Every structure is written in C-alpha cells, then in structure tokens.
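Report on the structure given below.
The values are calculated or read from the model by the stated rules, or taken from the named source; none is laboratory data. Model, not experiment: these values are computed from the prediction. Heads up, the Cβs are rebuilt from the backbone with ideal geometry, glycines too, and the neighbour counts pull from every protein chain shown. Surface accessibility is based on the protein's heavy atoms, side chains included, excluding ligands, DNA and RNA. Shrake-Rupley method; radii C 1.70, N 1.55, O 1.52, S 1.80 Å.
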Amino acid sequence: MSTILHLRCSPRGSGGFSSRMAEEVVARLLRRHQGAELVFRDLSANPPPLVDPGFSAAILGPPGETPPALMSSEELIRELEAADVVVIATPMHNYGVPAVLKAWVDQIVRIHRTFASTPLGKVGKLRDRPVWLVIASGGWFTGQSPTGAPAQPDFLTGYMRAVLGTIGIHDLHILALEGVTRGADIAEAAFARARRELDCVLSPM
C-alpha cells in the first residue's frame, strides 16, 4: 500500500490558494493509488519546533542515538521516510519559504540521519520519491508579470530543490500559482495553468 504525505503551510488553512491546488493533486494521487494511506500535517496550525541549543548539541552527538532533543525531528523524518509521494502546499513569503516550512526543513535535514558529510560533499541517505511542491504567490516569479514588470526574486524553488536533494530526494515537480491576489480572473487563470501542467504528469482518471 502506498503512503501519501501531505504538508500544508498556508496560514489561510484549507482556503489558501496553495492548499486548494494541493488538494487537487492529492485527489489525483488517491485515484491512481487505490487504498493509499494519506498522512496529513498542517505545519501552519502545528509548527515544528525551532532549532534550539539542545537540538544543536544533540545533532553533533554519536550517530544512532536519539536523545530527547531530537524526538520531534525523528518523528518528522520517519513520517517522510514512510511516504511514497509527498505533496507540499506553501505560499511564497517575501520571496522565500514561510517560517513553518523552514522549521520543518531544519528538523528533517539532519547530519548522520538523513545525509552524510563526505570528502566529496553531502550525500543523501533517503530513497528518492516524487515530491509535488505547490506554490502560491501574489506576484510573478517564473517570468514577467502580465504588465511587463520583471519577475520578482525566487529563493523558494532553488532552496527546496537543494535541501531535498541534500537528503536524497530529487524527483521534484513544481506547480506555480502566480498573481493569485490580483483578482479572481487572474487567480483562476493561475489555477488553469497549474492544472494543465498537472495533466502532463498526472492525467485525470
């Protein structure tokens, strides 16, 4: 049986633009994988703990041990390890990831546990699996806006590609919802584009 891990990062909850599009992705995955287990975690409603002195000291301890300071990290890593597909719904905040998603990353990207440091660089220790990253932005970051304004900076997609790659996950699919706060027509057009891109990989069944 397949397991789908669905992470929501929007402070708007289920009404967030990224949340709504991610629900469509999850629905298609569930149709393709009959009987799949869905594991849902709302990072905005229940943020992961921030890195603190105890965590910083514990990650430098001997490999193989899980002290109390790493219990939350271990729970999130095991959840990720068990997933065959991951769907992450997130807004873009100030050109980058929201704080709750950064907190999750800091808990799962852990030396000795999810990656190894070698003379040739960091090597991921997790198996690869598809990850769907659904991003909602009030501006345009993949290209010019409809008025010709230049694309805004994007520190989100490159960052997520790098951190997931660090732990061994490279099969990343990105759906961008741009200009979603600029009116209903623009938002609907953004959803239509995202659905077309989704069709290319996960056709409706």
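Across the protein chains, with a 1.4 Å probe defining accessible surface, the residues SER145, SER117 rank SER117, SER145 from largest area downward. The 1.4 Å probe gives accessible areas that order PHE40, PHE17, largest first, as PHE40, PHE17.
So the label point goes 7 Å from the Cα of ALA57 along Cα→C-beta, right? Which residues of region 103-126 then have their backbone N under 19 Å from it? The answer is 111. Take region 63-106 with all the other protein chains still there, run a 1.4 Å probe, and you get 43 Å² of accessible area per residue. With q set to 0.09, 0.16 Å⁻¹, the log10 of I(q)/I(0) for the chain, from the Debye formula over equal scatterers at the Cα positions, is -0.36, -1.08.
For the chain, what is the calculated [θ] at 222 nm in deg cm²/dmol (nearest 500), taking -39500 (n - 2.57) for each run of four or more DSSP H residues and dividing by its residue count?
Taking each H run of at least 4 residues, the total per residue is -11000 deg cm²/dmol.
In whole Å, what is the distance between the alpha-carbon centres of region 93-153 and region 1-51? Between the Cα centres of region 93-153 and region 1-51 lies a distance of 17 Å.
For region 1-144, which whole-number percentage of the solvent-accessible area (1.4 Å probe, protein heavy atoms only) is attributable to carbon and sulfur atoms? Taking all protein chains in place, region 1-144 shows 54 percent carbon and sulfur surface.
Remark: the LEU120-GLU65 segment gains 17.3 nm on full extension, using 0.36 nm per residue and subtracting the alpha carbon distance.
Summary value for the chain: 22 percent relative contact order, contacts being C-alpha pairs under 8 angstrom separated by 6+ residues.
Kindly express, to the nearest 10 degrees and within the range 0 to 90, the angle between helix 184-201's C-alpha long axis and the longest C-alpha principal axis of the chain. The two axes meet at around 60 degrees. Extension gain for GLN144 to HIS112 (0.36 nm times residue separation, less C-alpha to C-alpha distance): 7.4 nm. Full extension of the chain between GLU79 and GLU197 yields a length gain of 39.7 nm, computed as 0.36 nm times the residue separation minus the alpha carbon distance.
Please calculate the 1.4 Å probe accessible area of VAL163, with all protein chains present, and give it to the nearest 10 Å². Roughly 20 Å² of VAL163 is accessible to a 1.4 Å probe. In terms of overall dimensions, the C-alpha atoms belonging to region 10-108 reach 43, 35, 19 Å along their principal axes, ordered largest to smallest. The long axis of helix 157-166 is offset from the longest Cα principal axis of the chain by roughly 30 degrees. What does DSSP give for the chain in terms of the percent of beta bridges that are antiparallel, rounded to the nearest 5? Taking every DSSP beta bridge with both residues in the chain, the antiparallel ones total about 15 percent. Residue-normalised convex hull volume from the C-alpha trace of region 51-132: 126 Å³ per residue.
Any idea of ASP84's accessible area? Nearest 10 Å², probe 1.4 Å. Rounded to the nearest 10, that gives 50 Å². With axes computed from alpha carbons, what is the tilt in degrees of helix 99-108 against the longest principal axis of the chain, rounded to the nearest 10 within 0 to 90? The helix 99-108 is inclined about 40 degrees to the chain.
Mean sequence separation of contacting Cα pairs (under 8 Å, at least six apart), scaled by the length of region 30-117, corresponds to a relative contact order of 38 percent.
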